[in-house]
Amino acid sequence: MRLTSLVPEAQSRFRDAARIELGKGGLWTHRLRGGPLLLSCTSGSVWITREGAPDDVVLEAGASYGGAGRGLLVVEALEPAQIAVDAGGAGKALRAALERARGSWLVLLSLVALYLVWGSTYLAVSVALETLPPFLLAGVRFVTAGALLYGVLRLRGVPRPTLRQWGAAAKVGVLLLVGGNGLVVVSQQWVSSGVAAVVVSTMPLWLALFTTVRAARGGASTDARAPAPEVSRGEWVGLLVGFAGAALLHLGGDLHAEHAGALLIVLAPVAWALGSLYSRTTPLPDGPMAVAAEMLSGGAVMLGISALAGEQLAAAPSSRSLLALAYLVVFGSIVGLSAYTFLLRNTRPAIATSYAYVNPIVAIALGIALGGERASAATWAAAAIIGAGVVIVSKSRH
């Protein structure tokens, strides 16, 4: 009979699992050291005995033997056989538990980052606008953030976007960043950061409405990537509640600013929703490279608009504005989008998009505490009503 023992190479593989071929009469031995072991017979049949064990075991193909303890384990092939051995059960279970705990903490940290960071960007924009014109501010922010992210991804070996992907990213970037973010920045010259956040929080409602219209027209029925199910009664209730909050914000006087440009902010969540819907069917680059390409494209367009509009610096930007710009680049764009991407991949969409009804509260609170702003009763009421509408829509859709 031939004795088959573990050589160093097999021992390294044995940490997780090893498959061992045995000829008829072949032996395999292993010294148990107290840890668990699972042995399965995948073909043929084997005889198993363990030092100190009262009974012997015969395994046919498909049967398994498991246990823990100490002593010498001996396996003999009664016919040509294959066995699969896993001696890392406890280690793998511990690693799995640690991974689950790590994942839970990452989800929690990502949510906190998203709530606080994206909720604080409205105040940061207000500070940056003190000495920076709006489109120049937004353009520099996204070109810088996009270039940093693009460079890191390329160093990690991520391929360049194709020409077609650049075109798709440009279309989405214009809708999301130029229309969605750019209009917010322009409007924040005349409205408070809290009011801006409340208006922007209607984005999920617009997205649900556009998805409804698209489904009714059959526009997404043949697209496997962007299915558009029939909108439920609960979603309609959420839409009506959310838009009632938006109406209260307008009727309460918070959008009656001294400049008509303030009303441009109403179009911002519409553009963001359209960009989000379009991004589901357009050939964007994979993963974070799509975000980098969108920021580069959208930021370049905003710099072009800045030049065409004749934006100029009246004086050197203040240190406050430059610090706010740096915060928007690093935290508002790179950290915030990274946290959002992680949540989309590891949690339900309802959790990932919950920032829509948390950010207004954060923005209003920070505006009052740090920006010297005031929030009327109508602003608080509108934020609560819009948040309730978004919650209803999210729970109805998921």
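The values are calculated or read from the model by the stated rules, or taken from the named source; none is laboratory data. Because the structure is predicted, anything quoted here is derived from the model rather than measured. Note: ideal-geometry Cβ built from the backbone for every residue, glycine included; neighbour counts use all protein chains shown. These area figures cover heavy atoms from the full protein model, side chains too; ligands, DNA and RNA do not enter into them. Shrake-Rupley method; radii C 1.70, N 1.55, O 1.52, S 1.80 Å.
Please verify whether region 289-296 includes one or more residues that are outside any helix (DSSP H, G or I) and in contact with a Ser or Thr (Cβ under 8 Å, 6 or more places away or on another chain). Scanning region 289-296 turns up no residue that is outside any helix (DSSP H, G or I) and in contact with a Ser or Thr (Cβ under 8 Å, 6 or more places away or on another chain). Filtering region 297-323 to residues that are of a type in the set (S, T, N, Q) and either touching a His at 6+ places or on another chain (Cβ under 6 Å) or in a helix (DSSP H, G or I) (or both) leaves 297, 306, 319, 321. Residue 272 satisfies every condition listed in (1) under 19 Å from the mean Cα position of the chain (by Cα); (2) surrounded by fewer than 20 Cβ atoms within 10 Å (Cβ to Cβ) except (2). For the criterion of being in a helix (DSSP H, G or I) and open to solvent by 40 Å² or more (accessible area, probe 1.4 Å), residue 169 fails. Residue 344 fulfils the conditions (1) at pLDDT 90 or above; (2) under 20 Å from the mean Cα position of the chain (by Cα); (3) open to solvent by 40 Å² or more (accessible area, probe 1.4 Å) except for a single criterion, (1). The C-beta contact set for region 285-309 (first residue open to solvent by 50 Å² or more (accessible area, probe 1.4 Å), second residue in a loop (DSSP other than H, G, I, E, B) and modelled with pLDDT under 90, distance under 7 angstrom, 6+ apart or interchain) is empty.
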